[in-house]
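Structure, as structure tokens:
The values are calculated or read from the model by the stated rules, or taken from the named source; none is laboratory data. What you see is a predicted model; the values in this text were computed from it and never measured. As a convention, Cβ positions derive from the backbone with ideal geometry for all residues, glycine included, and neighbour counts pool all protein chains shown.
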Amino acid sequence: MSGCSANAGRLLALAWLGLPVVSVAAAPSPNAVRAAAEQAVRARFDLPGSRITVQATPLDSRLRLAPCSVPLRAVLADAIRPAPRISVPVQCPQAAGWTVRVQVQLQLFRPVLVTNRALLRGDGLRPADVHAEERDVTRLGYGYVDSLDQVAGRTLARALPSGSVLTPAALGGRRMVSAGDHVQVVANLGGIVVRADGVALGSGDNGARLLVRNESSGKVVDAMVHAPGVVLALP
């Protein structure tokens, strides 16, 4: 008699004698363990507006798991962020249970902002300068920007070639002065502060240098942005 037939025969005999039948839990299959890990990753990262691919790597063929009479549990820590490879703990949460770590490969595609042309440091960002493009954000280690609201009025902290993913670190402060703005020019002449009205001939954030034309004299002076609408005349 085969092992399966023998077990079935013993269960029938116990039932016929009126004795309690105790089911024996089976060890979970490798596919079940991998599926639990994949589901945990999907539950965390498969959000609206995203496209995700998840694949757990095969378990070590030498691994022997003890039987588990309760459902497997796989939970990602709150600190886990999207990455090309994530280690997921899969547990048998019963007394004297076990935990095995499963490596899961993740691709998480989301629309991010990409530059349409080469941009220089200090350039202001306009909607026409960028477009949305789907990228695997697990490979964008420096982060990404996905909304035009995040770039409104901002300038670049460094130059970017065409086709670059816009990152938070590439964004400078919001532009304090734009070309054509009417600004107040403040000059310190030997301890005497003189103020005049001018027109900015360039754009920039705090500390940026630009040219300003004095509205009264028409003279163009070198200045530095000090505050919104205010520039300091440079000697």
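See the values below:
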{"item": "Some residue of the stretch 195-205 being within 13 Å of ASP123 (Cβ to Cβ) and not small (Gly, Ala, Ser)", "result": "yes"}
{"item": "Residue that is modelled with the lowest pLDDT [pool: residues in the stretch 203-235 that are among the small types (Gly, Ala, Ser) and out of contact with any strand residue (DSSP E or B) (no Cβ under 7 Å at 6 or more places or on another chain)]", "result": "ALA227"}
{"item": "Only one of ALA200, ALA196, ALA179, ALA169 that is among the aliphatic types (A, V, I, L, M), modelled with pLDDT of 90 or more and in contact with a Gly (Cβ under 8 Å, 6 or more places away or on another chain)", "result": "ALA200"}
{"item": "Every residue from the stretch 130-155 that is under 21 Å from GLN105 (Cβ atoms) and in contact with a Leu (Cβ under 8 Å, 6 or more places away or on another chain)", "result": "ASP136, VAL137, THR138, TYR144"}
{"item": "Scan of the stretch 199-224 for residues that are among the hydroxyl-bearing types (Ser, Thr, Tyr) and surrounded by 18 or more Cβ atoms within 10 Å (Cβ to Cβ), ordered by number", "result": "SER203"}
{"item": "Residue list for the stretch 117-141, restricted to those being of a type outside the set (A, V, I, L, M, F, W, C) and either under 21 Å from ILE52 (Cβ atoms) or surrounded by 14 or more Cβ atoms within 10 Å (Cβ to Cβ) (or both)", "result": "GLY122, ASP123, GLY124, ASP129, GLU133, GLU134, ARG135, ASP136, THR138, ARG139, GLY141"}
{"item": "Single unsatisfied condition, GLY122 versus (1) touching a residue at least 40 places away in the same chain (Cβ under 8 Å); (2) farther than 30 Å from MET176 by Cα; (3) assigned to a loop (DSSP other than H, G, I, E, B); (4) of a type outside the set (D, E, K, R)", "result": "(2)"}
{"item": "Among the residues listed as VAL70, VAL104, VAL112, the single one being among the hydrophobic types (A, V, I, L, M, F, W, C), buried (at least 17 other Cβ atoms within 10 Å of the Cβ) and more than 15 Å from ALA35 (Cβ to Cβ)", "result": "VAL112"}
{"item": "Test: GLN39 is within 26 Å of ALA96 (Cβ to Cβ), at pLDDT 80 or above and surrounded by 11 or more Cβ atoms within 10 Å (Cβ to Cβ)", "result": "yes"}
{"item": "Filter pass, GLY49 being exposed (fewer than 15 other Cβ atoms within 10 Å of the Cβ) and of a type in the set (Gly, Ala, Ser)", "result": "yes"}
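Let's see how each residue does on (1) at pLDDT below 95; (2) part of a loop (DSSP other than H, G, I, E, B); (3) farther than 30 Å from PRO161 by Cβ:
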| site | (1), (2), (3) |
| --- | --- |
| THR53 | no, no, no |
| SER61 | yes, yes, yes |
| ARG64 | yes, yes, yes |
| SER87 | no, no, yes |
| GLN94 | yes, yes, yes |
| VAL104 | no, no, yes |
| LEU108 | no, no, no |
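This table checks each residue for (1) in the same structural domain as VAL130 (by TED's automatic domain parsing); (2) over 25 Å from LEU125 (Cβ atoms).
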position	(1), (2)
GLY141	yes, no
TYR144	yes, no
ALA152	yes, no
PRO161	yes, no
GLY190	no, yes
VAL193	no, yes
ARG209	no, no
